[in-house]
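Quick notes on the structure that follows.
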Amino acid sequence: MRSAPADLVLTNGPVFTADPLRGPATTVAVRDGRIIAVGADDVRDLTGPRTETIDLAGRLLLPGFQDAHVHAVMGGVELNQCDLTGTTDLDEYLRRVREYADAHPDREWISGGGWAMEAFPGGVPGRELLDRVVPDRPVHLINRDHHGAWVNSRALELAGIGPGTPDPVDGRIDRRPDGEPAGGLQEGAMQLVARLLPEVTPAERLAGLLRAQALLHSLGVTAWQDAMLCATNGYPDVSDAYLEAATTGRLTATVVGALWWDRDRGAEQIPELLAKRDRHTVGRLRSDSVKLMLDGIAENFTAAMTRPYRDSCGCATANSGLSFIDPAQLREHVAALDAHGFQVHFHALGDRAVREALDAVAAARARNGFRDTRPHLAHLQVVHPDDVPRFRALGASANMQPYWAAHEPQMDELTIPFLEPELARRQYPFAALRDAGAHLAAGSDWPVSTPDPVQGIHVAVNRAHHGGGYPPFLPGQRLDLVTALTAYTAGSAFVNRLDDTGSIRAGFRADLVVLDRDPFAAPAAEIGDASVVMTLVDGKVVHHA
């Protein structure tokens, strides 16, 4: 394998291989898109007259990051809409909405999103604020969690939503004391207005995917799992964008599509999922995962918890969140999906949802044996201590979104005060999962939060946002830098069933990232200062800063 010269040699810098059997290395050689050698001076003899040599100059080389839970097309489309991300200032929100409306006088609806619940008292946005800046057209803006929407009076009027409109079974209309809709729609209630929005065109979805791909490559992401293909339940179907990009060669990342489980239906949809798996496996796209959304989020009290939420006075309520899929039916469905070779990908945020997901995996293992289907649970905001060791026992991966494990107003004002204290102390137990032998993977859930793996790694190690000014959040659950980097590389590669990626070793694909520094050589508080200067997929540069 080493007889012919390499096409590419990267040398003179530390190499993080994400390979526990590999010692220190400073040089990596690539030929025909694959790594042919990893080492030091002994690799340099693979340099020939046509070999390209990249001097790392002390910068860290590592495997390409992989995002195990992201909504790339959705994020890319939203970048071209009314963008409220990056701030929590209400006046700035209104300025951007007005500016966007003025710049697009032909748009029937003003749509977009990215606002934070912390910008509003009690997390509930008011319709009259939007009425002030856009009184004549309907406005529909998704919050940054994508579990709620902010709408104006015109949108409510067009949807026929008034004091007598009942809440849907899977959502809530935020109301004023007199019963009038306040302007916020939670979970399934979003669809009451969203169903009226002009459909995003196939061309806009494709453009969104390509926009997202460029952004993710610039952040070192070489592969990802899109957590919402062929979506229903009011969510957009983005699968056509992936098919178009994959069949025309414009998809340069490797993508696993998680096919959406329609929670309003049952096992009768499995034959359709089998057909979708075949149809949506082409080129660099493979769709053999199924996404099951089990609950909502803690901030709007829809995450499924083992104990009731508290009210603003600190008293227990009658609400412990929503289970979107009946737990008994969930066990049957997961066992059936597992028997067909599907991976199951759970949205499980509250500790009751986590337990229901693990119970379903246990049912599949009991019925089908331990098949190599690699189930994984995403989000894991609250995990009961009794369930922590079950991840390893059941072979279920813990798919972390580390960026969320930090103090910020949404955590401190809208989450912790409304959780029973014991639940609040169990949030994002990354170290406990690691110590129990759970397999750790990582993702961003972008556009819910930043898609930058470096920032997620910073929080995983520091339990605080880079430069955020807050103390560490439950610092006993910190991860070390090696574990955090491994989760974003080899850990997510395992979940994505991309077994020749995620590590730097001979024979593996040359999906590689160069950082502008070596974060191991600086204090942990400076991890977030690092940035990506080069990203390679199959040995070809897809981003160069």
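For the reader, a short list of remarks on this structure follows.
- Measuring between their Cα centroids, the range 286-343 and the range 95-113 lie 35 Å from each other.
- This model, with +1 at the C-beta of Lys and Arg and -1 at the C-beta of Asp and Glu, gives the range 109-194 a dipole about its Cα centre of some 180 debye.
- Sites Leu158 and Thr87 - FRET efficiency at Förster radius 25 Å, r taken between beta-carbons, to 0.05: 0.35
- Placing a label point 7 Å from the Cα of Val169 along the Cα-to-Cβ direction, the residues of the range 266-283 whose backbone N falls under 20 Å from that point are 266-270.
- Within the range 71-137, the GluC sites (Glu not before Pro) that combine a DSSP coil assignment with at most 15 other C-beta atoms in a 10 angstrom radius are Glu108.
- A straight chain from Leu21 to Asp264 at 0.36 nm per residue would run longer than the Cα-Cα distance by 82.8 nm.
- Long hydrophobic helices in the chain: the complete DSSP H runs spanning 15 Å or more by Cα along their own axis with mean Kyte-Doolittle hydropathy of at least -1.0 are 202-218, 327-339, 351-368.
- Residues Ala103 and Ala525, FRET efficiency given R0 of 45 Å [Cβ-Cβ distance, rounded to 0.05]: 0.65
- Given charges at beta-carbon only (K, R positive; D, E negative), |dipole| of the chain in Debye: 1280 debye
- Taken along the Cα-to-beta-carbon direction at a fixed 7 Å, the label points for Ala316 and Asp136 span 5.5 nm.
- Once the chain from Asn233 to Arg497 is taken as fully extended at 0.36 nm per residue, the excess over their C-alpha distance is 92.3 nm.
- Exposure proxy shown here: for Tyr235, Tyr309, Tyr428, the number of other Cβ atoms within 10 Å sets the order, fewest to most, as Tyr235, Tyr309, Tyr428.
- Selected from Trp150, Ile110, Gly126, residue furthest toward positive end of dipole (the range 109-194; charges at beta carbon): Ile110
- Spatially, the range 197-261 and the range 1-51 are offset by 33 Å when compared through their Cα centroids.
- Filtered chymotrypsin sites (Phe, Trp or Tyr not before Pro), the range 353-416: DSSP coil and at most 14 other beta carbons within 10 Å: Phe370
- Filtered trypsin sites (Lys or Arg not before Pro), the range 420-512: DSSP coil and at most 14 other beta carbons within 10 Å: Arg425
Computed from the coordinates by the stated procedures, all read-outs in this text should not be read as laboratory data. All values reported here derive from a predicted model rather than from experimental measurement. Neighbour counts run over all protein chains shown; Cβ positions are idealised from the backbone, glycine included.
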